[in-house]
């Protein structure tokens with residue numbers, strides 16, 4: 001999350017400060033992947049991860065503002081399993097994943 005400058009508002013500002021050192025690498029990876037047809041990929045841009053066992057998530061496209069602040073690892077795993085079963089569904093896309101209702105200035109657990 002944040003690799004595409006897609007996180008709006010105060011949470012976007014907080015996220016940039018929290019993981020700013022890592023974002024240049026994520027952004028360069030995105031640029032390189034977009035420039036090749038030799039690799040079939042789906043990029044995942046998860047919100048801040050939690051250990052909550054609940055599976056509840058929503059997706060955003062690369063051209064949409066990111067919505068929530070957190071998502072469970074169980075939700076990300078569920079999406080990855082679905083993606084493995086149907087790899088063409090999000091072929092050559094970048095997918096944001098968050099838990100609905102977690103919008104805010106920073107993750108609730110912070």
Checklist outcome for this item: The number of residues in region 93-110 that are touching a strand residue (DSSP E or B) at 6+ places or on another chain (Cβ under 9 Å), assigned to a loop (DSSP other than H, G, I, E, B) and modelled with pLDDT of 95 or more is 3
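For residues in region 38-51 being part of a loop (DSSP other than H, G, I, E, B) and at pLDDT 95 or above, which is surrounded by the fewest Cβ atoms within 10 Å (Cβ to Cβ)?
Only one residue fits best here, namely 51.
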Next on the checklist: Any residue that is touching a helix residue (DSSP H, G or I) at 6+ places or on another chain (Cβ under 8 Å) and within 26 Å of residue 109 (Cα to Cα) - is there at least one of those in region 70-93?
Outcome noted: no
Next on the checklist: Kindly evaluate residue 30 against the criterion of being buried (at least 16 other Cβ atoms within 10 Å of the Cβ) and modelled with pLDDT under 90.
Outcome noted: yes
Checklist outcome for this item: Of the residues in region 52-92 that are touching a residue at least 24 places away in the same chain (Cβ under 8 Å) and in a helix (DSSP H, G or I), the one that is surrounded by the most Cβ atoms within 10 Å (Cβ to Cβ) is 75
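The values are calculated or read from the model by the stated rules, or taken from the named source; none is laboratory data. Since the model is a prediction, treat every value here as computed from it, not as a measurement. Because the Cβ atoms are built from the backbone with ideal geometry, glycine has one as well, and the counts that use them run over all protein chains shown.
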